[in-house]
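Below is one structure, written out as structure tokens, with a few remarks after it.
The values are calculated or read from the model by the stated rules, or taken from the named source; none is laboratory data. Note that the coordinates shown come from a computational prediction; the quantities given were computed from them, not determined experimentally. Virtual Cβ from ideal backbone geometry, glycine too; neighbours counted across all protein chains shown.
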Amino acid sequence: MSIRVKLLLSYTGMLVLSLLMFILTAGLFTIASTGDIHGLRDFYKVHYRLNPLTEQEESIFLELKSMAKSEPDSLHDEALLRDYDFKLRTVRAGLYVRRENDPIFASYTFHQPELDKALPPYDLNNSQIRNTFNINERFYAYAKFDFTFTDGAKGSVFVIRERSPFAELSRKLLPVLSLLLIGTLVVANMLLYRWITRSVVKPLNLLRASAERIQEGNLQFKLDLRSQDEIGLLSEAFENMRQRLEQSVSLRLRDEENRKELISNISHDLRTPITSIKGYAEGILDGVTNTPEKLERYVGIIHAKAVDLDKLVDELFLYSKLDLKQVPFTLERTDAMRFLDDCIEELRYDLEERSIAVVWDRPPGSGPLTVKADREKLKRAVLNMIGNAVKYMDKPDKRIDVSLRANPESVTVELRDNGPGIPPEALPYIFERFYRAEPSRSALTGGSGLGLAIARQIIEGHGGRIWAESEPGVGTSLFFTLPRHAHEGGADPHGPLADHRG
Ligand SMILES: Nc1ncnc2c1ncn2[C@@H]1O[C@H](COP(=O)(O)OP(=O)(O)O)[C@@H](O)[C@H]1O
Ligand SMILES: [Mg+2]
């Protein structure tokens with residue numbers, strides 16, 4: 001059963017219930033105003049019109065009627081009439097006897113001078129013996145019997161009862177009021193039904209339609225239901241879910257795009273050395289190398305290209321593993337200064353060969369600065385950075401400044417060279433894979449464009465940050481931070497730390 005039908009049923013139920021309640025109340029009200037339960041029964045009976053008097057009044061009336069038929073002249077007897085009137089008065093009614101147009105007896109119950117005029121005329125056929133009339137605001141019901149006295153005069157006997165004007169009024173107004181009330185109830189119910197339908201059923205339908213759209217794979221829409229009720233909350237949750245889905249789908253698409261690009265870059269970068277190797281090898285096969293020197297040169301080039309290729313494959317492999325977060329980080333307590341010394345020591349041959357001076361700017365008077373590091377990987381990152389400084393150096397007075405700053409949380413290392421610098425427009429991209437600021441120069445110097453991308457993966461894998469500042473023509477500064485180890489000055493700063501990260 002749909003909510004719509006349920007709502008309709010419940011509203012109709014409420015409507016019927018309220019009507020019943022209303023009828024019950026109206027009934028009780030009538031009993032209260034007329035004073036007896038028969039009043040209720042008589043309230044709308046046709047019988048009521050014909051028989052507007054109560055049973056006792058009616059029986060007295062019948063007695064009077066039979067007397068008027070059998071011995072009409074006894075209705076001249078004032079004592080008798082007073083007696084009857086007394087009986088009637090006990091049931092709140094009164095007697096009125098008319099001869100021709102003059103009253104013989106009029107119960108003083110009524111105190112109504114206009115009664116004579118209000119009463120119906122003589123009618124021997126007695127076609128309408130029961131009816132009501134009103135004098136000004138007051139309502140009366142009567143039973144009448146017309147007869148002839150023995151002398152032929154027209155006589156009428158009336159049993160009259162004054163009725164509550166309120167009862168009469170409600171009798172008249174009740175149908176109108178009832179219709180009005182029912183109308184109001186129906187209209188109110190319709191409005192309520194519409195309201196609930198709008199605030200519940202419609203949003204639910206919208207939600208369903210949205211779910212269907214998602215099912216069809218369409219996530220590019222916005223569910224905009226700004227109500228504050230449960231349905232609003234549900235819609236909000238639904239909208240959040242849609243956004244998450246959309247994000248994850250677009251992330252997946254981007255990843256896919258990334259991977260495609262990576263593969264195309266890799267193929268391109270592998271092809272260059274392979275083409276060279278192929279060319280030189282073909283030269284040898286074709287007998288171009290007719291002298292031993294030429295052969296040696298060709299083989300030398302092939303060897304160098306193979307070494308390049310090996311390095312490239314190695315870097316690609318490392319980068320892709322880092323990118324997929326497949327290499328675990330084995331973090332150990334490491335003294336940052338000693339570690340940097342080790343790195344520089346490793347490059348000493350390269351540095352001396354190119355007569356590059358490394359100038360250390362050690363923080364004054366400090367002990368060991370312990371950081372958490374995967375030494376092997378971190379060395380790789382630092383060597384990539386210093387390697388760039390060495391590789392791109394273009395000044396006669398070559399210099400690399402190493403400085404270290406520490407705060408309670410982290411250690412920041414700066415590696416500054418006085419090389420060519422990096423153009424500002426290239427600076428934001430140098431940490432992206434395969435990015436080379438000046439491809440023509442890089443072609444000369446060699447390099448995959450993966451060095452800094454690998455360095456960034458490694459530094460971020462340590463929970464650190466890497467960035468660069470550069471002034472073209474003046475030099476480049478590469479900075480990276482590493483989180484400090486909490487308990488400094490331990491017995492063995494190079495000791496293993498049971499913290500493995502992946
Ligand atoms: N110290 C530096 N001086 C000048 N340019 C640099 C320096 N370090 C990096 N770059 C620029 O950033 C680019 C990216 O560096 P990297 O990722 O190591 O790739 P590459 O294999 O080209 O060295 C380099 O191609 C170079 O243009
Ligand atoms: Mg490099």
Which of the residues belonging to segment 150-181 are modelled with pLDDT of 80 or more and surrounded by fewer than 16 Cβ atoms within 10 Å (Cβ to Cβ)?
THR150, ASP151, GLY152, ALA153, LEU173, PRO175, VAL176, LEU177, SER178, LEU179, LEU180, LEU181
Across segment 467-478, what is the number of residues that are touching a Ser or Thr at 6+ places or on another chain (Cβ under 8 Å) and closer than 15 Å to GLY451 by Cα?
1
Given the criteria surrounded by 16 or more Cβ atoms within 10 Å (Cβ to Cβ), in contact with a Leu (Cβ under 8 Å, 6 or more places away or on another chain) and hydrophobic (A, V, I, L, M, F, W, C), does PHE110 qualify?
no
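Under the condition of being among the polar types (S, T, N, Q) and part of a loop (DSSP other than H, G, I, E, B), which residue from segment 141-184 is farthest from the chain's Cα centre (by Cα)? Reasoning before the result, please.
Keep residues of segment 141-184 that are among the polar types (S, T, N, Q), which gives 148, 150, 156, 164, 170, 178, 184.
Adding the requirement that they be part of a loop (DSSP other than H, G, I, E, B) leaves 150, 164.
Values: THR150: 96, SER164: 62 Å.
Among residues in segment 141-184 that are among the polar types (S, T, N, Q) and part of a loop (DSSP other than H, G, I, E, B), the one farthest from the chain's Cα centre (by Cα) is THR150.
For segment 418-436, name all the residues that are assigned to a loop (DSSP other than H, G, I, E, B) and in contact (Cβ under 8 Å) with a residue 24 or more places away in the chain. Explain how you work it out, then say what you get.
Start the filter on segment 418-436 by keeping residues that are assigned to a loop (DSSP other than H, G, I, E, B), which leaves 418-426, 430-436.
The answer is ASN418, GLY419, PRO420, GLY421, ILE422, PRO423, PRO424, ILE430, PHE431, ARG433, PHE434.
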Might you check whether a residue that is part of a helix (DSSP H, G or I) and over 18 Å from the mean Cα position of the chain (by Cα) occurs anywhere in segment 201-212?
no
With a cut-off of at least 3 residues that are modelled with pLDDT of 85 or more and among the charged types (D, E, K, R), name the helices (runs of 4 or more DSSP H) lying wholly within segment 1-72.
55-70
Condition check: among the acidic types (Asp, Glu), more than 12 Å from ligand 1 (Cβ to nearest atom) and modelled with pLDDT under 90. Does ASP499 satisfy that?
yes
Can you find a residue in segment 305-326 that is touching a Lys or Arg at 6+ places or on another chain (Cβ under 7 Å) and in a helix (DSSP H, G or I)?
yes
Could you please tell me which pairs satisfy a Cβ distance under 6 Å, a separation of 6+ or placement on different chains, a first residue in segment 243-255 that is under 16 Å from LYS222 (Cα atoms), and a second residue that is surrounded by 11 or more Cβ atoms within 10 Å (Cβ to Cβ) and not β-branched (Val, Ile, Thr)?
LEU245/LEU219; GLU246/LEU219
Residues of segment 316-341 being at pLDDT below 90 and not hydrophobic (A, V, I, L, M, F, W, C), which ones?
SER320, ASP323, LYS325, GLN326
